[in-house]
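A short worksheet on the structure shown next.
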Amino acid sequence: MSEVKEVKTFDDLGLDDNLLRGIYSHGFENPSPIQGKAIPFMNSKKDLIAQAQSGTGKTGAFSIGILNNIDPSIQKTQALVINPTHELANQNMNVIKDLSSYMKINVLSVVGGTNVRKCQDDLRKLPHVIVGTPGRILDMIQKQFLYTKDLKLLIFDEADEILSYGFKENIYNIIQYIPKDTQICIYSATMPPEVLDLTDKFMNQPERILVQKENLTLDGIIQFYINVKVNEWKFETLIDIYDTINVSQCIIYINSKNKLMEINDRLKEKGFPVECIHGELSGDLRKNIMDDFKSGKLRILLSTDLLSRGIDIQQLSLVINYDLPREKETYIHRIGRSGRYGRKGVSINFVTDRDMEQQNEIQSYYNTKIEEMPQNINDYLNI
């Protein structure tokens, strides 16, 4: 693993002037640690493995790296970003568009569940950057609508999730169409064997930026729990919370799709402005729901762990774990939505008597403290 001096300002990164304008207008002030380390490696054209949690600014890292290394004057597809979900792909596309607002860059989302004919027509325009999901990207490559011969950069965002979702064969097939000199960058929260196998097979002496576990913190997120005793009491507890809490927006995580649908129906019967999102919805419907939520039109969103990686909602101040996540590693991704990169947030876990041991394991794993929810919870939501 190479040592690289972390850059403290964007002006020191040797970036294009128009890109710098986009960065500052996007609201970035100084590079986050992952940005300060990853962007110089991307500028050096070396393959890169970057381990960083959601909420650390890694989307900005690879987006800036891409935009600084493609040529806007050449109307060819020069960068390809592969993501595990439609939501993350569309969000990453919007970040790249925002950062390139002073550059003449065309960015396209290529995801499953959307109109194939329109996708083909858009690809004929040869966008500079394509952001998408593995299945649709491979399909468009194989049908010769997505041209890869001019690719300079191939980015895998949340590589561990991509592989855990069963896309391994698609990824290996996509790489067969990529020019040998394409720079490959892998961004991943964890480095399971499947990711390391990918790096061994296809990367050329990659540089590594690894975030040590003790640096993966929950700083800025105030964590509470409510002991609901048994699962049957969770729904009434949720209603009680909404009677007492002033919150602009909230994501509620539920482990199973069937329970998610049941809670969604019961909340709607009581007149709550709620929608639910899960992997079996069409891509277009999921996008519409996320657009409504991000715009503030929708206040309560129920989700499976589909949204636990990388989704950034600016005004989100509260995350409720209706169910504790099945894997303790998922916990930081769920509640990280409420306090991303320097913002404050609150999380509330609904914990049965049987869940207490699991919550204790989460506290130990992250070296954090989860307190019982106080009466003055609104004071914390207004910070």
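Derivation of every value follows stated rules applied to the coordinates shown; laboratory data play no part. The model shown is predicted, which means the values in this text are computed figures rather than measured ones. Every residue, glycine among them, receives a Cβ derived from its backbone with ideal geometry; neighbour counts consider all protein chains shown.
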All positions within the range 200-209 that are in a helix (DSSP H, G or I) and either exposed (fewer than 15 other Cβ atoms within 10 Å of the Cβ) or in contact (Cβ under 8 Å) with a residue 40 or more places away in the chain (or both): Asp200, Lys201
For the range 52-98, how many residues are touching a Leu at 6+ places or on another chain (Cβ under 7 Å), among the polar types (S, T, N, Q) and part of a helix (DSSP H, G or I)? 1
Residues of the range 118-135 being of a type outside the set (A, V, I, L, M, F, W, C) and touching a Ser or Thr at 6+ places or on another chain (Cβ under 8 Å), which ones? Pro127, His128, Gly132, Thr133
Looking at the range 34-50, which of the residues that are crowded, with 18+ Cβ neighbours inside 10 Å and without any contact (Cβ under 8 Å) to a residue 40 or more places away in the chain is farthest from the chain's Cα centre (by Cα)? Pro40
Out of the helices (runs of 4 or more DSSP H) lying entirely within the range 122-199, which hold 3 or more residues that are touching a His at 6+ places or on another chain (Cβ under 8 Å)? none
From the list Tyr253, Tyr242, Tyr225, Tyr187, pick out the single residue that is among the hydroxyl-bearing types (Ser, Thr, Tyr), within 27 Å of Ser303 (Cα to Cα), out of contact with any Leu (no Cβ under 6 Å at 6 or more places or on another chain) and without any contact (Cβ under 8 Å) to a residue 60 or more places away in the chain. Tyr242
Any chance you could count how many residues in the range 346-383 are assigned to a helix (DSSP H, G or I) and touching a residue at least 24 places away in the same chain (Cβ under 8 Å)? 13
Considering each residue of the range 365-374, count those that are touching a helix residue (DSSP H, G or I) at 6+ places or on another chain (Cβ under 9 Å) and exposed (fewer than 15 other Cβ atoms within 10 Å of the Cβ), and give that number. 4
The range 93-108, residues that are within 21 Å of the chain's Cα centre (by Cα) and under 18 Å from Lys152 (Cα atoms): Met93, Ile96, Ser100, Val107, Leu108
